[in-house]
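**Q** Encoded as structure tokens, here's the structure I'll be asking about.
The values are calculated or read from the model by the stated rules, or taken from the named source; none is laboratory data. Computed from a predicted structure; not experimentally measured. Heads up, the Cβs are rebuilt from the backbone with ideal geometry, glycines too, and the neighbour counts pull from every protein chain shown.
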Amino acid sequence: MNDAVTSRPLGVPIDEIEGRFRAAELEVSRDGDTLVLHHDTPLGGERLQTRVAVMAPDAADAQANAATAVVRIFTALPPAYARRYDAEMICFANRFASLGAFTVSEGFSFVGSRLTIHEGNPDWDWQLPLAVTAAAASVDAITGGMERFLKKAQPQVGSSAWTEADLDAVEAELAKTCACTRNRSGLAAEFSLESAAPAGKPGTGTAYWELLTQPPHSELGGGLLCILQLAHRLGDAQKRHAALNLLNVSEMNSPGLPPHLGAWCEGKGGDNFAYVSFLPNLLHEVPGLAARASGWARSRAEAVVNLLDMAKAG
């Protein structure tokens, strides 16, 4: 098989992802056009493998979203580990998400992330470090965070690489279109979702967005916590947990949505919906990442309005 083709399936330079893994002295192998990252720490008695797979979007998605490829990053969870978690615990575990979601699809439990590639790979400069970090850290963030919580172990500490100047830059951009508030360790904004409502339906209110330099992630240490809170509420816990998992499944399979680098979980209201990401300090090197994440949050909030309405009616 031609090495040039397998190194860049559908034009996606996964050879550069492989190079970053090897530079960090991580064990990586190839399975056809898929990279396989082998983790050192066993989970549920098994050594984990994270697969970085390049897939073609279906014709409708490709045309609607100008997508040329989809990069899916997923780590199968051992059955013995996955059996410990019911739907409620999975939703709670996703509060510890960094760049991937604990998801169940067709009885298969995994931690997954997605990036959509467009013609000419114009976003590859920031997609590359995000893909590498998602593959290396997403599982540890969730499983490590949960283990520390369950064992009441001391969380990691550390200051954030994101500064007040970084938050000032994001605030200046967001303030052009929405209300913002600031303090030394964070930024909050309100996104109106009125324009996202389907024709003939009332508006869906407001989504709340936060960027927080504190607290650090309990497993990964310092970084930037990103929380999108929706006003949608679903009092039935069983339906709510199913809807949250459905959202995470949809994120993996929908190239038109913003990058899936986080997880849907229960929000601060307990019965509302939230999307959580945590950007570790090493991603501070990606220029404008906090501003990009803010744009993704607004787009994500607008995109899920119809899906949440369907879940509430289900």
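One line per residue, one yes/no per condition, for (1) of a type in the set (G, A, S); (2) in the same structural domain as A291 (by TED's automatic domain parsing):
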| residue | (1), (2) |
| --- | --- |
| I142 | no, no |
| S185 | yes, yes |
| F191 | no, yes |
| E210 | no, yes |
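**Q** Ok, one more. Among the residues of the stretch 172-195, which ones are surrounded by 14 or more Cβ atoms within 10 Å (Cβ to Cβ) and acidic (D, E)?
**A** Those that are surrounded by 14 or more Cβ atoms within 10 Å (Cβ to Cβ) and acidic (D, E): E173, E190.
Listed here are the residues, each with its yes/no results for (1) surrounded by fewer than 18 Cβ atoms within 10 Å (Cβ to Cβ); (2) under 30 Å from V70 (Cβ atoms).
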{"position": "P122", "(1), (2)": "yes, yes"}
{"position": "T143", "(1), (2)": "no, yes"}
{"position": "G158", "(1), (2)": "yes, no"}
{"position": "D166", "(1), (2)": "no, yes"}
{"position": "P216", "(1), (2)": "no, no"}
{"position": "G221", "(1), (2)": "yes, no"}
{"position": "L230", "(1), (2)": "no, yes"}
{"position": "D236", "(1), (2)": "yes, no"}
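**Q** Looking only at the stretch 14-60, how many residues end up being crowded, with 17+ Cβ neighbours inside 10 Å and either of a type in the set (D, E) or more than 29 Å from G144 (Cβ to Cβ) (or both)?
**A** The number of residues fulfilling the criteria is 3.
**Q** Any residue that is at pLDDT 95 or above, among the small types (G, A, S) and within 14 Å of A101 (Cα to Cα) - is there at least one of those in the stretch 270-289?
**A** Yes, the stretch 270-289 contains at least one residue that is at pLDDT 95 or above, among the small types (G, A, S) and within 14 Å of A101 (Cα to Cα).
**Q** So which residues in the stretch 61-78 are touching a residue at least 60 places away in the same chain (Cβ under 8 Å) and exposed (fewer than 13 other Cβ atoms within 10 Å of the Cβ)?
**A** A64
**Q** Kindly list the number of the only condition in (1) assigned to a loop (DSSP other than H, G, I, E, B); (2) out of contact with any helix residue (DSSP H, G or I) (no Cβ under 8 Å at 6 or more places or on another chain) that fails for Q63.
**A** So Q63 meets the others, but not (1).
**Q** If you don't mind, another one. State whether the residues of the stretch 79-100 include one that is surrounded by fewer than 22 Cβ atoms within 10 Å (Cβ to Cβ) and in a strand (DSSP E or B).
**A** No, every residue in the stretch 79-100 fails to be surrounded by fewer than 22 Cβ atoms within 10 Å (Cβ to Cβ) and in a strand (DSSP E or B).
**Q** Restricting to the stretch 265-287, and then to whatever is touching a residue at least 60 places away in the same chain (Cβ under 8 Å) and in a loop (DSSP other than H, G, I, E, B), can you tell me which residue is nearest to the chain's Cα centre (by Cα)?
**A** Here the answer is V286.
**Q** Now for a separate question. Which one is surrounded by the most Cβ atoms within 10 Å (Cβ to Cβ) among residues in the stretch 265-279 that are out of contact with any His (no Cβ under 7 Å at 6 or more places or on another chain) and not small (G, A, S)?
**A** Out of the qualifying residues, it is Y275.
**Q** With T133, T181 as the choices, which residue is outside any helix (DSSP H, G or I) and of a type in the set (V, I, T)?
**A** None of the other options fit; the residue is T181.
**Q** Quick one: which of G295, G256 is over 24 Å from E106 (Cα atoms) and either out of contact with any Ser or Thr (no Cβ under 8 Å at 6 or more places or on another chain) or part of a loop (DSSP other than H, G, I, E, B) (or both)?
**A** Of the residues listed, the single one that is over 24 Å from E106 (Cα atoms) and either out of contact with any Ser or Thr (no Cβ under 8 Å at 6 or more places or on another chain) or part of a loop (DSSP other than H, G, I, E, B) (or both) is G295.
**Q** I would also like to ask the following. Given the criteria in the same structural domain as A135 (by TED's automatic domain parsing) and within 17 Å of P129 (Cα to Cα), does A53 qualify?
**A** When the stated conditions are applied, A53 passes them.
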